[in-house]
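Where a number appears in this text, it was derived from the coordinates with a stated rule and is not lab data. Since we're looking at a predicted model, the values are computed, not measured. Every residue, glycine as well, gets a Cβ built from its backbone with ideal geometry; the counts of neighbours run over all protein chains shown.
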Amino acid sequence: MKKLIIPILLISCLFVGCKENNKQENTLQTYFSYSNSSDILISSHRGGKGYPGYPENCLETMQYIKKHIPNALFEIDVAKSKDGVLLLMHDNSLERTSTGFGRVDQNSWKTMSQLKLKDDFDSIVDFKIPLFKDVLDWAKKENAILTVDIKRSVDPEDVLHFIEKNDALKQSVIITYSIKTAQKLYKLNPKVVLSVSIRNTEEFNRAANSGIPWANMVAFTGTMVSDSSLYNKLHKKGVMCMLGTLGNLDKRAAAKGEHLYREWAKLGIDVFATDRPLETQKALITHQ
């Protein structure tokens with residue numbers, strides 16, 4: 001049975017090596033290779049959201065989450081300014097999460113760099129919109145892993161090249177929404193790790209026939225719980241299964257009990273992509 005306890009030293013094992021770890025190389029591919037002794041991971045949706053004083057897609061929020069979950073993953077949204085600067089922002093427009101106005105891709109970085117962010121309760125805080133480069137630099141320094149969601153206005157190829165330029169491939173899993181995009185990125189760099197949607201048998205077969213090695217994939221199995229047979233098939237290929245509890249499943253756990261996270265883990269979930277990272281962690285370490 002997979003461990004539900006989350007060790008503080010796990011993330012250091014990724015980069016310096018652990019004798020107890022069966023993985024032989026210090027690569028992101030080996031880190032995300034499934035074994036039945038792997039620890040459950042928590043991916044903080046939009047870098048962390050829903051906590052007063054801590055906005056989404058904010059470096060300070062990620063720092064806050066990492067203090068409580070040392071081996072947390074951070075899903076972030078990469079957008080581009082009018083003048084081609086890569087930054088973190090989920091929405092197409094600035095109003096909901098910052099003191100700015102208008103579309104992100106119609107504002108210059110000089111303008112957006114002066115804005116303040118808002119938390120989920122519409123409170124303005126003293127944190128700024130972060131540059132993607134600054135987040136990559138932080139991830140390298142702190143041995144943090146990012147799952148990079150690329151907004152439609154940005155070319156995934158540009159983001160991959162930017163990650164390579166900043167020597168952050170070990171920190172970055174790139175989220176893809178089509179096999180075609182995944183194939184393109186793999187062709188550009190065979191070392192890249194990709195989040196690929198595999199929610200059913202059809203998508204499993206499509207991934208299997210894509211030409212992308214299983215070792216380069218993390219399976220995003222959707223925002224609904226699938227039959228455990230799908231998770232078993234992926235595990236047999238050495239692929240970790242990520243469940244998006246963000247949204248309805250998180251709400252269900254909040255209403256009916258945090259024990260649901262443990263039940264989902266027992267079905268075969270290896271990574272929880274959640275809006276409630278701190279609550280998810282507490283639920284998973286309550287019982288070993």
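Below, the figures for the structure above:
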item	result
Cα long-axis angle, helix 277-286 against the chain (0 to 90 degrees, to the nearest 10)	20 degrees
Debye intensity ratio I(q)/I(0), log10, region 231-288, q values 0.16 Å⁻¹ (C-alpha model)	-0.47
Trypsin sites (Lys or Arg not before Pro) lying in DSSP loop within region 148-250, provided at most 14 other Cβ fall within 10 Å	ARG152, LYS191
Given charges at Cβ of Lys, Arg, Asp, Glu: region 56-185 dipole, positive-most of LEU73, ILE175, PHE162	PHE162
Gap separating the Cα centres of region 238-282 and region 199-225, nearest whole Å	19 Å
Pairwise Cα inverse-distance average, inverted: Kirkwood Rh of region 129-288 (Å)	16.7 Å
Estimated 222 nm signal from helices in the chain, with DSSP H stretches of n ≥ 4 weighted -39500 (n - 2.57), rounded to 500	-9500 deg cm²/dmol
Highest-first arrangement of 120-126, 83-89, where packing means the average Cβ count within 10 Å	83-89, 120-126
Sequence-distant residues sharing a close amide H with SER98 (under 5 Å, placed H)	LYS118
Within a Gaussian network of the chain (alpha carbon springs, distance under 10 Å), most fluctuating of PHE101, PHE132, PHE74	PHE101
With Cα atoms, 0 to 90° folded angle of helix 156-165 axis to the chain main axis	90 degrees
Orientation-averaged projected area, Cα convex hull of region 25-132 (nm²)	7.9 nm²
Estimated D of the chain in µm² per second, where Rh is the Kirkwood radius over Cα pairs and Stokes-Einstein applies at 20 °C, 1.002 mPa s	112 µm²/s
Dipole moment magnitude, nearest 20 debye, the chain about Cα centre, only Lys, Arg, Asp, Glu C-beta charged	500 debye
Extreme residue, positive dipole direction of region 234-288, given options GLY247, HIS235, TYR261 (C-beta unit charges)	HIS235
On Cα atoms only, tilt of 132-142 relative to the major axis of the chain in degrees	50 degrees
Per-residue HN-Hα couplings for region 61-78 [Karplus 6.51, -1.76, 1.60; θ = phi - 60°; Hz; x = Gly/Pro]	5, 4, 4, 5, 5, 5, 4, 8, 10, x, 10, 5, 9, 10, 7, 10, 10, 9
Relative contact order of the chain, pairs being alpha-carbon contacts under 8 Å that are 6 or more residues apart, as %	20 percent
Region 98-229, dipole about Cα centre (Lys/Arg Cβ +1, Asp/Glu Cβ -1), debye to the nearest 20	360 debye
